[in-house]
Structure formats: structure tokens, C-alpha cells
1. What number of residues within region 333-365 are touching a strand residue (DSSP E or B) at 6+ places or on another chain (Cβ under 6 Å), among the β-branched types (Val, Ile, Thr) and either farther than 21 Å from Ala400 by Cα or not in a helix (DSSP H, G or I) (or both)?
2. Out of the residues in region 209-229 that are in contact with a Phe, Trp or Tyr (Cβ under 7 Å, 6 or more places away or on another chain) and aliphatic (A, V, I, L, M), which is most open to solvent (accessible area, probe 1.4 Å)?
3. Within region 185-206, work out how many residues are open to solvent by 30 Å² or more (accessible area, probe 1.4 Å), touching a residue at least 24 places away in the same chain (Cβ under 8 Å), out of contact with any helix residue (DSSP H, G or I) (no Cβ under 6 Å at 6 or more places or on another chain) and not small (Gly, Ala, Ser).
4. Under 7 Å between Cβ atoms, which residue pairs at least 6 apart in sequence (or on different chains) link something in region 400-428 that is farther than 27 Å from Thr344 by Cα with a partner that is part of a helix (DSSP H, G or I) and open to solvent by 70 Å² or more (accessible area, probe 1.4 Å)?
5. From Gly380, Gly444, which residue is open to solvent by 10 Å² or more (accessible area, probe 1.4 Å), out of contact with any strand residue (DSSP E or B) (no Cβ under 8 Å at 6 or more places or on another chain), farther than 14 Å from Phe333 by Cα and without any contact (Cβ under 8 Å) to a residue 24 or more places away in the chain?
6. One residue is enough: does region 320-335 have a residue meeting the conditions within 16 Å of ligand 1 (Cβ to nearest atom) and out of contact with any Asp or Glu (no Cβ under 9 Å at 6 or more places or on another chain)?
7. Taking the condition of being touching a residue at least 12 places away in the same chain (Cβ under 8 Å), within 13 Å of ligand 2 (Cβ to nearest atom) and not basic (Lys, Arg), how many residues in region 251-291 meet it?
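The values are calculated or read from the model by the stated rules, or taken from the named source; none is laboratory data. For clarity, every value in this text was computed on a predicted model and none was experimentally measured. Cβ sites come from the backbone with ideal geometry, for glycine too, and all protein chains shown count toward neighbours. Heavy atoms of the whole protein, side chains included, go into the accessibility calculation; ligands, DNA and RNA do not. Shrake-Rupley method; radii C 1.70, N 1.55, O 1.52, S 1.80 Å.
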Amino acid sequence: MKFKKNILCIGAGYVGGPTMAMIAYKCPPYRVTVVDINPSRIAEWNSDDLPIYEPGLDEIVKATRGKNLFFSTDIEGGIRDNDIIFVSVNTPTKTFGAGAGMAADLQYWEKTARQILQYSESSKIVIEKSTLPVKTALAMEKILNYTKNSVSFDVLSNPEFLAEGSAVKDLENPDRILIGCRDTKSGLAARETLVEIYANWVPREKIITSNIWSSELSKIVSNAFLAQRISSINAISALCEKTDADITEVSKAVGMDSRIGSKFLSASVGFGGSCFKKDILNLVYLCQHYSLHEVADYWESVVRINQYQQERFILNMLTTMFNTLAGKRICLFGFAFKANTGDTRESPAIYITRRLLEEKAEIVITDPKALKNAKADMTGMEGKVSFVEDPYKAAEGCHAIAILTEWDVYRNLDFQKIYDTMTKPASIFDGRNIIDHKRCFDIGFNVYPTGKPALTHS
Ligand code: NAD
Ligand code: UGA
């Protein structure tokens, strides 16, 4: 069958897989291929057990795979046969050399650019889907323009704004699609090609365009603003705990101001996920590079408050449990960095587990979707850790429960049943404020919410 467009995506991760599945689903006349260097990831995409858990994803992959959506390890063939190439490889924080711990590690990105140049036999549109520092497109263009024959490349920036756990919904109904391009004839033509793809299901007024550098920067700034709201409310949660104010009430009152808005004002044990910290540190590094030290310090404080919030959670557990956790069993309800995903990258649960183990506590981890990743995260960590699927069994014999992920299933558990099997005094530390605190207190628990007065039996 002859397809209207042939689209390739390099990188079959949390972004590449769902994004391409959505394009294939919404655009049956297009052939979409997703390639990756990791053969086991590709095998999983081709199986009934997809490598990532996302509500609704199974259905759209099943509807398209083998028809107009293909997963493959043939990167060379993919580049040769497709004229529109999304690049969605990982761009983690650099762990070595200059900028270690802050700058983006662009090695995977650059390798991809060189592969595109090496295998291209015709002109291509190359689309930055990964989150990248401003001016990365320039480096991409420079690499690609060491070109042979008449092959030419147009680089576009098209950052992805989906959130994990709601990826399918976000892709189907995005707040906006942003496309940055060079102001040249071929740049504008390439942009139109990409606009046409999205216009198959996204209203035109939601597809916005900008210069390429604004597009790259807007992605990082969006994440920085979102993370800043969480650090702002978390900072105030510490003050609430000292003053008997209630963070949920404060958040509601503040968020009802339509200029502020109510979203992303839930106090928590801290934000996690593979991107917020990395992207803010990237922004900080960029500001430092341009000697904007005050600006860099401002944004770095968002990450510092996030760290503080996690450490505060641990110290609260320690001090309220008689200043010793040694030998105590603590059950973690949730290990994923947020609900509705199995992803644990940068999850506060990792730091909290490490700190609890340092205090010589015994840890029992339960999570509906993230136990496989949690086990991998705990590899090599010293101390007693066990993994139990059933939250009731996980809490048996424990001195405390720490709620770290806002899974719905934890909201309405039978806490009387749980309390009865725990060691007394039994405590609950609610790092997500999702359970009925008064009810748990009445059952007999000492309850420590986030940003609200503790409810304790003296
Ligand atoms: P990921 O680690 O899940 O996936 C990246 C994939 O790229 C991996 O499977 C890896 O094997 C593959 N890869 C690396 N180098 C390759 C190469 N040379 N050739 C082929 N494949 C290669 O990462 P992700 O979460 O999908 O994130 C990708 C990018 O998207 C990052 O820049 C991230 O900041 C950004 N982003 C992520 C999210 C999210 O929710 N995870 C949302 C928006 C933007
Ligand atoms: C975030 C952004 O929301 C996406 O727009 C962006 O595309 C993505 O990062 C990215 O670039 O990777 P994600 O990290 O998947 O998406 O999930 P969020 O819903 O943003 O949650 C991030 C963290 O903040 C989670 O740990 C969550 O529990 C926490 N959070 C969120 C709070 O603690 N309080 C809130 O009010 C909201």
C-alpha cells in the first residue's frame, strides 16, 4: 500500500512511543515507524506487554500496529526510507566533565544527528521532539549541513508537553502544539508539512508557531514554571505545619484567583519524574553560561526547595517516631513518581527509601504498576527492602505507612483492617494528602499530613 507520508521517530521511549502511536491512530494514510537502539524495548512495543504503562495506550497501539504503525531496530533503513524524522532520544543531565550535574548530556542527540547524515539519501525534515537547550538546533544544522550531493535538511523544534499518566489524553487534546522554524523558504515549508500532520486532529488555532529558539526555550520554561508552582506550595506547606494553617485551604483560596489558577497547587512529598529537575538545572546552567547569576540562583531554588521537602518528610518521620527508625518496618504506599504510571525516574520514593535505609529501617514497598522499576532502582542499595503487591499484606506488622504516590486505590482502603495488623503505635505519613485524616485518626493512627496540623494520640 502506498502511504501519503512516511514518518520516522528515533527513540521509542515515553515520548516517542505514545506520540507516534497517536499520529498513526489519527492519520491512517500515514505510515509511522518508530526505531530504537534498544532491541528489548522494541520487542516489548511489538508484544502484548508494552514497555510503558499509560491509560488508553494499549488500545491505540493495538488499533494501529502492523497497519500503519511499526516498531523496529532498523535505524539505517528507517532514515533512508522516511522524509520526516522526529528525534525523541533521551537527553539526561550530564554526569561527567564540564557542566556535570546540570547541563544536558547531548551525546545521544549528536549521535542521532550523525546517523541521519550518514544514512540519508534524500532531503529530510528533522524534528526536535526531545527537550533540548536553546540553540541545539544550530548544532544539529551544523552537523547535518556537512552534507553530500543535493541532500538538504530542515530542522524544526516541536517540543512535547504530554505528562505521564495522562499522555494519551494530552496527545489527543493538547493545550497547544508548538512548532519553531527558521524564517527561510524551506524552513517555512517544512513547518507547513508538520502543521498539516497535527491539523488532522488538533484545531488550527491550537497549533502555534515561533522562531526556533523561542520554541526550544518555551519547553524548558514551561517545565520550570510548573515545577516552581509545586515548590511554592510545598514551601508554604512547611509554614502551615508551624502555624496550624491548612495547605489545602490555602491552596484553594489562592487558586480561586483566576489570575493564579488552581492547577499544580497540590502540596506533596516533592516533585519527581525524569524531566522537571533535569530541565530546570539545564535552565540554570544556561543562565550561568550567559553570566545571569541572579536568574540562575532564582531557578535553582526551585530544585533546592524540592530537596528540602523530601528531607523534611524524613525528619518528620524520625522525630515523631521517637528519634529512631532502626529496626522499624515502614511501608511505602506508592513508588511511582506520580499516579497512573509505572515510571519511577527521579521519584521522591527513591530518595526517601535511601534515607530510611540509612536510618536502618526495614522497608516494604507496594505499588500497583511500579514494582518492576522499583526493584531495579533498589539494586545494590544496602538494607532490608521487600516488595509486596497487596497493600494490606505490605502494611502487616509495620510501624508506619508513608503515602508517596497519589494512586486512587490508596484513597479508599479499609484502614481499620490495616490498622489492626500493624505494630502500635501505628503512624501514617501522608505525603500526598489523599486519605481521610480524621477517619484514620479515629481508628487509632497517628496521622501526619503534609502542610496540615498532625492528628496524634498523646
Ligand atoms: P526515554 O529514555 O524513555 O526514551 C528515549 C529512547 O531513546 C530510549 O528508548 C533509548 O534507547 C533511545 N535512544 C537513545 N539514543 C538512541 C539512538 N542513537 N538511536 C535510537 N534510539 C536511541 O526518554 P523519554 O522519557 O521518552 O524522553 C525523551 C525526550 O523527551 C527527553 O528529551 C525528555 O526530556 C523529553 N520529554 C519527556 C517527557 C516524558 O513525559 N517522559 C515529556 C515531554 C518531553
Ligand atoms: C511534566 C509536565 O507536566 C509535562 O507538561 C511535560 O511534558 C513533562 O513534565 C516533561 O517534559 O517530561 P510529568 O513529569 O510526566 O509531566 O508529570 P506531572 O504531572 O507534571 O508531575 C510531575 C511531578 O509533580 C509528579 O511527581 C507529581 O506528583 C508532582 N506534582 C504535580 C505535585 O507534587 N503537585 C502538583 O500539584 C502537581
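1. Total satisfying the criteria: 3.
2. Pass one, region 209-229, residues in contact with a Phe, Trp or Tyr (Cβ under 7 Å, 6 or more places away or on another chain): 222-224, 226-227, 229.
Narrowing further to those that are aliphatic (A, V, I, L, M): 224, 226-227.
On the way: Ala224: 1, Leu226: 62, Ala227: 0 Å².
Among those residues, the one meeting the criterion is Leu226.
3. Total meeting the criteria: 3.
4. Matching pairs, first to second residue: none at all.
5. Details: Gly444 fails: without any contact (Cβ under 8 Å) to a residue 24 or more places away in the chain.
Answer to the check: Gly380.
6. Here is the first cut: in region 320-335, the residues within 16 Å of ligand 1 (Cβ to nearest atom) are none.
No, the conditions are met nowhere in region 320-335.
7. Count: 18.
Residue-wise test of (1) surrounded by fewer than 23 Cβ atoms within 10 Å (Cβ to Cβ); (2) aromatic (Phe, Trp, Tyr); (3) more than 24 Å from Phe153 (Cα to Cα); (4) touching a helix residue (DSSP H, G or I) at 6+ places or on another chain (Cβ under 8 Å).
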position	(1), (2), (3), (4)
Met1	yes, no, yes, no
Gly16	no, no, no, no
Val32	no, no, no, yes
Ser47	yes, no, yes, no
Glu59	yes, no, yes, no
Ala63	yes, no, yes, yes
Phe86	no, yes, no, yes
Lys94	yes, no, yes, no
Ala100	yes, no, yes, no
